[in-house]
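> My questions will all concern the structure given below.
Just so you know, all these numbers are worked out from the coordinates, no wet-lab data involved. Model, not experiment: these values are computed from the prediction. Cβ coordinates were reconstructed from backbone atoms using ideal geometry, including for glycine residues, and neighbour counts include every protein chain displayed.
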Amino acid sequence: MKWEGNRQSDNVEDRRNQAGGGGGFRLGGGRGMGLGTIVIALIAGWIFGINPMTVLGILGGGGGMSAPQVQQAPAQRPPKDDAMASMVATVLADTEDVWGEMFKQAGAQYPAPKLTLFRGATQTACGAGQAAMGPFYCPADRKVYIDLSFYETMKNKLGAPGDFAQAYVIAHEVGHHVQNVLGTSGKVDAMRGKISEREQNQLSVRLELQADCYAGVWAHHTQKKYAAQGKQWLEKGDIEEAMNAAQQIGDDALQQKSQGRIVPDSFTHGTSQQRMRWFNQGIQTGNIKSCDTFSAKQL
């Protein structure tokens, strides 16, 4: 992926030198959860969740909920010589360009999300975020959060290396932001407590696969944008990198690795084949309407 020299987003804030998190996660009964418990609870949805705290039952509402104000030191811009942060800022800028144009064509204005870099732990409007949860999107403050050490996890533990695989992570989380803006995620979250856990998981799968498809839509249009400028954005093997990442983080693949067996009723993100299929759907069509996972009879 030839990202060097392209526009970088101004919506990246760097908290990596700030003290992290604060208090740990607490569930309804006041029982504290250690990091090991968190990882086990999130293993099936550890990688690209709309919000890992939702999985743990910490959130009670959707993107429109009121959230406690979080006192945070003023965020800094990432250092200019930080290559990884620069890549992230470049990918975020491309998502801004693509979604900004698509919203404009629909007669609307795209409210671009912030992307927060942190190390270890950080406070969010959705509660305390931790690196072990992987990248996540918080609908309450409309921010994407990522500890860049996750990319080492992708490469060394999940078998998903490559800069375009890393870009896919960001594009997926931005896809959740688009769902939040359009009201899709709020409708899904509003069903919490009204349907069975199995049915809620099925809705979660459709939400995640749609975010994968939105990531593919971004990839389609950003390549088209650079081609019109006479530039090459994607290189040979880039799409394969992202498809491999989608394959490695399917619920079935993660469950097989973590517990040696697969429990379909507990899926929250979709199988490897489903994730690859819907990401590819977005790449091939470039059309947001083709990402209607909620009407699809077969995922």
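> Given labels modelled 7 Å from the Cα in the Cβ direction, how far is it in nm from Thr153 to Asp10?
Inter-label distance under the simple model: 3.2 nm.
> Full-extension gain between Glu235 and Glu101, please, as 0.36 nm times their residue separation minus the C-alpha to C-alpha distance.
Result for the pair: 45.9 nm of gain on full extension.
> Still on this structure: Grab the beta carbon distance between Asn17 and Lys187, set R0 = 45 Å, and tell me the FRET efficiency rounded to 0.05.
0.70
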